[in-house]
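The values are calculated or read from the model by the stated rules, or taken from the named source; none is laboratory data. This structure is a prediction, so every number in the text was calculated from the model and none was measured. Cβ coordinates were reconstructed from backbone atoms using ideal geometry, including for glycine residues, and neighbour counts include every protein chain displayed.
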Amino acid sequence: MNFKKNLLLIISVLLVVLSANVVMAKTYIVGTSADFPPFEYVEEGEYVGFDIELIKEIGKLKGFEVEVKDLSFDSLIPALKTGNIDIIIAAMTITEERQQVVDLSIPYYSANQSVIVREDSDKNMTVLFGNHNIGVQTGTTGDLWVTENLKDTGILKGQVKRYDTFVYVINDLINGNIDAVVLDTPVAKRYSQLRPVTIVAEIFTGEEYGIAVDKGNTELLKLINEGIEELIENGTMDKLIDKYF
Ligand code: ARG
């Protein structure tokens, strides 16, 4: 009798512990800018892409779930700072300026910038000079590069047109409202397969992407860094690269 009672007690304690664990599987809100194929984009109403799958795989290894929130790229860091999101994964380049406000993971992908024009235009890399209008996504490294190297130096006489999302940048390029767009090479390549645009130059910026958390959130950063390392070691990273590139 006593043994049975004890057993029941042990079982119920176990059940409580187990269910608490299930409930405790934490969900992190992951901010992205879903206009950047093959890293993050919308397909049949779902957020998909290399980055989205990467953060889900990290969660699987490290015991958290993710909920994806689509924001404009330049509002991702403010959203992290105010606590509206917990993580940013958005093909975000690790830069010194960003490292002053957020903590970035170890690098998980490398990229340069590319210049794209309309497929049927006769423009080449000289589209970056003189009286042309260049489209960029606000706050990206492409925006910074064009602003600092072309606009501020007077090499570019036309405008730098800034957009919230690449969806509109590419549309405006195709409609002839701008002459060229500067964006990350892997995404330029993908857009040149999806839309009537073509790459005319590459700018070797040597960027590396990282996943961001709020400054001082060392616990979450550690999980993410371990996750990236484990995914490289167990071959999942290569599988994801094969799938998306
Ligand atoms: N790598 C560039 C940057 O960090 C562009 C990233 C844009 N990402 C996006 N999901 N739209 O500035």
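Points to keep in mind about this one:
- Residue in the range 18-30 that is at pLDDT 95 or above, within 13 Å of the chain's Cα centre (by Cα), within 16 Å of the ligand (Cβ to nearest atom) and not in a helix (DSSP H, G or I) present: yes
- Thr153 vs. criteria away from the ligand (no atom under 16 Å from the Cβ), touching a helix residue (DSSP H, G or I) at 6+ places or on another chain (Cβ under 8 Å), not aliphatic (A, V, I, L, M) and not in a helix (DSSP H, G or I): no
- Screening the candidates Asp242, Asp172, Asp238, Asp184 for the property of being under 30 Å from Lys60 (Cα atoms) and in contact with a strand residue (DSSP E or B) (Cβ under 8 Å, 6 or more places away or on another chain) yields one hit, Asp184.
- Test for Asp70: is it surrounded by 17 or more Cβ atoms within 10 Å (Cβ to Cβ), charged (D, E, K, R) and within 23 Å of Tyr168 (Cα to Cα): no
- Residue in the range 86-95 that is surrounded by the fewest Cβ atoms within 10 Å (Cβ to Cβ), counting only those that are of a type in the set (Val, Ile, Thr) and over 13 Å from Leu220 (Cα atoms): Thr95
- Scope the range 53-86; condition out of contact with any helix residue (DSSP H, G or I) (no Cβ under 9 Å at 6 or more places or on another chain) and of a type in the set (A, V, I, L, M, F, W, C); matching residues: Leu76, Ala79
- Annotation note: of Ile232, Ile224, Ile203, the sole residue that is assigned to a strand (DSSP E or B), out of contact with any Pro (no Cβ under 9 Å at 6 or more places or on another chain) and either on the phi < 0 side of the Ramachandran plot or surrounded by 21 or more Cβ atoms within 10 Å (Cβ to Cβ) (or both) is Ile203.
- Whichever residue in the range 172-186 is in contact (Cβ under 8 Å) with a residue 60 or more places away in the chain and out of contact with any His (no Cβ under 9 Å at 6 or more places or on another chain) and, among such residues, is surrounded by the fewest Cβ atoms within 10 Å (Cβ to Cβ): Thr185
- Any pair with Cβ under 6 angstrom, 6 or more apart, that starts in the range 104-117 at a residue that is touching a residue at least 12 places away in the same chain (Cβ under 8 Å) and within 22 Å of Asp238 (Cβ to Cβ) and ends at one that is among the acidic types (Asp, Glu) and within 13 Å of the ligand (Cβ to nearest atom): Pro107/Glu208; Ser110/Glu208; Ala111/Asp184; Ala111/Glu207
- Within the range 91-103, the set of residues being in contact (Cβ under 8 Å) with a residue 40 or more places away in the chain and within 13 Å of the ligand (Cβ to nearest atom) comprises Ala91, Met92, Thr93, Ile94, Thr95, Arg98, Val102.
- Residue match in the range 79-90 (condition: at positive phi, near the ligand (Cβ under 10 Å from one of its atoms) and touching a residue at least 40 places away in the same chain (Cβ under 8 Å)): no
- Subset of the range 123-148 that is over 21 Å from Ala91 (Cβ atoms) and assigned to a helix (DSSP H, G or I) - its residue that is farthest from the ligand (Cβ to nearest atom): Thr126
- Single condition Val167 does not satisfy, out of (1) assigned to a loop (DSSP other than H, G, I, E, B); (2) at pLDDT below 95; (3) within 16 Å of Thr32 (Cα to Cα): (1)
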